[in-house]
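S.K.: What follows is a structure written as structure tokens; I'll ask about it next.
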Amino acid sequence: MNIQAKLERLVKDLYNPTSKDFQIGIWGTARAGKTTYLTTLYNALMKSNRWYVEADDLAINFVKEQSKRLQKRVFPMPTELANPDNPEIFTYELTPRLEPSPMSKILPPPAKVVLSFIDAPGECYEDLEGVGSKILDYLSDCHGIIFLLDPFRAKEENKTYDDLLLDLCFEFQKRKRKCNLNTPQLQQYMSFCVTKIDQDQTLWNAQDSSDIVRQVIGQEMFTNLQENFAMTGRLNCYGVSAIGCHKNDKGKWQTNLVLPQRNGASPEIIAPKPAIPAYGWSNPDSDFATPLQPAPSRPQPKAAIRSDVILEPRNVLEPLEWLIQSIQSRPPILISKGK
Ligand SMILES: Nc1nc2c(ncn2[C@@H]2O[C@H](COP(=O)(O)OP(=O)(O)O)[C@@H](O)[C@H]2O)c(=O)[nH]1
Ligand SMILES: [Mg+2]
């Protein structure tokens with residue numbers, strides 16, 4: 001491409017109304033790791049030389065409080081909803097950092113990305129009525145969605161993901177039909193992210209992240225998503241860890257968690273045993289929701305994070321950056337607000 005053509009393309013891209021501001025949302029059931037992920041994501045965006053990030057007032061308080069906890073190497077408290085009837089939407093506004101050039105002064109500012117999220121307790125994401133329906137409305141307005149999937153929840157009895165995701169897709173389709181969009185599939189881009197992969201060697205070392213997602217949501221649901229609900233090229237999979245692992249003296253991966261029963265020792269991550277829990281060597285969250293027993297109403301997080309290692313999160317920015325790139329190159333036709 002010659003310079004003239006490149007310039008025209010650049011100006012066209014920047015002026016193209018479809019590449020203007022767009023919205024990305026987060027979905028995840030209780031304890032999937034939303035609060036931890038969103039905190040780590042903000043910190044990763046701040047460090048990144050590809051983005052400027054600005055949090056709104058609500059989000060600033062959220063980030064400040066949660067970052068303090070993570071600096072002290074403790075996980076967030078379970079989220080409570082300040083205003084259950086009208087959950088507030090927090091936003092991080094992302095502006096791409098462009099190389100300074102003589103054109104910078106005359107070109108319009110680059111398109112912004114709004115990452116919006118409701119830091120609601122996960123239960124709200126499971127109940128599709130009440131607050132849940134507001135969350136659905138907000139998610140259907142998003143150009144892209146990051147789904148955070150908890151590998152441990154998937155192993156609990158009666159807590160599989162397939163019904164939940166199926167209902168969600170049906171609801172999205174309902175909202176889409178109301179707007180007379182004639183594509184059979186959903187327009188949204190979707191990043192399916194399995195969280196806490198640092199807790200299990202198989203998840204941590206997996207080469208193919210769609211395999212991990214398949215294990216967590218089930219082969220059938222995965223096929224449904226890929227073949228029926230998502231448009232071609234609009235679904236991607238990631239294994240995510242907000243805290244990462246570290247390598248010991250022998251170069252072996254070790255968990256960054258301090259688990260109560262191991263007196264602070266940090267064992268190597270070992271392959272999962274066939275017995276419950278199916279993943280990793282122990283699920284430090286297992287006290288919170290033992291199958292068939294009611295979970296305590298407001299449990300405290302039990303797992304702590306080692307303070308003598310550097311935390312290197314994995315795949316925190318990637319799912320978001322994939323969504324942004326994909327949306328920019330082929331924007332979805334969206335259901336406008338208020339429908
Ligand atoms: N091993 C590990 N555990 C995590 C990670 N993120 C969250 N957790 C665990 O999951 C629990 C719930 O996380 P939280 O962010 O509060 O989930 P939320 O309910 O979806 O907001 C935490 O207390 C941790 O025990 C992670 O990256 N690695
Ligand atoms: Mg939370």
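S.K.: Test Q254 against the stated conditions and say whether it is more than 16 Å from ligand 2 (Cβ to nearest atom), surrounded by 13 or more Cβ atoms within 10 Å (Cβ to Cβ), assigned to a strand (DSSP E or B) and over 17 Å from the mean Cα position of the chain (by Cα).
M.R.: yes
S.K.: Here is a follow-up. Please enumerate the residues belonging to the range 99-148 that are more than 16 Å from ligand 2 (Cβ to nearest atom), assigned to a strand (DSSP E or B) and surrounded by 18 or more Cβ atoms within 10 Å (Cβ to Cβ).
M.R.: Answer for the range 99-148, where residues must be more than 16 Å from ligand 2 (Cβ to nearest atom), assigned to a strand (DSSP E or B) and surrounded by 18 or more Cβ atoms within 10 Å (Cβ to Cβ): V113, G144, I145.
S.K.: Would you call N263 in contact with an Asp or Glu (Cβ under 9 Å, 6 or more places away or on another chain), at pLDDT below 95 and under 30 Å from N43 (Cβ atoms)?
M.R.: When the stated conditions are applied, N263 does not pass them.
S.K.: Look at K247 and say whether it is away from ligand 2 (no atom under 16 Å from the Cβ), under 22 Å from E123 (Cβ atoms) and charged (D, E, K, R).
M.R.: no
S.K.: On to the next question. What are the pairs with Cβ atoms under 9 angstrom where one residue, in the range 119-131, is away from ligand 1 (no atom under 12 Å from the Cβ) and the other, located anywhere, is among the aliphatic types (A, V, I, L, M)? Sequence gap at least six, or different chains.
M.R.: L128/I135; L128/L136; L128/L168; V131/L81; V131/I118; V131/A120
S.K.: Please go through the range 214-251 and give me each residue that is under 20 Å from the mean Cα position of the chain (by Cα) and within 16 Å of ligand 1 (Cβ to nearest atom), ordered by number.
M.R.: V216, Y238, G239, V240, S241, A242, I243, G244, C245
S.K.: Sort out which residues of the range 227-241 are part of a helix (DSSP H, G or I) and closer than 25 Å to N158 by Cβ, and write them in order of number.
M.R.: If the condition is that a residue be part of a helix (DSSP H, G or I) and closer than 25 Å to N158 by Cβ, then N228, F229 are the ones that fit.
S.K.: Looking only at the range 73-91, filter to residues that are within 13 Å of ligand 1 (Cβ to nearest atom) and part of a strand (DSSP E or B); which one of those is surrounded by the fewest Cβ atoms within 10 Å (Cβ to Cβ)?
M.R.: So the residue we want is V74.
S.K.: Then there's this: Could you tell me which of the residues L70, L41, L94 is assigned to a strand (DSSP E or B), surrounded by 16 or more Cβ atoms within 10 Å (Cβ to Cβ) and under 18 Å from the mean Cα position of the chain (by Cα)?
M.R.: L94
The values are calculated or read from the model by the stated rules, or taken from the named source; none is laboratory data. Just so you know, these numbers come straight off a predicted model, no measurement behind them. Neighbour counts run over all protein chains shown; Cβ positions are idealised from the backbone, glycine included.
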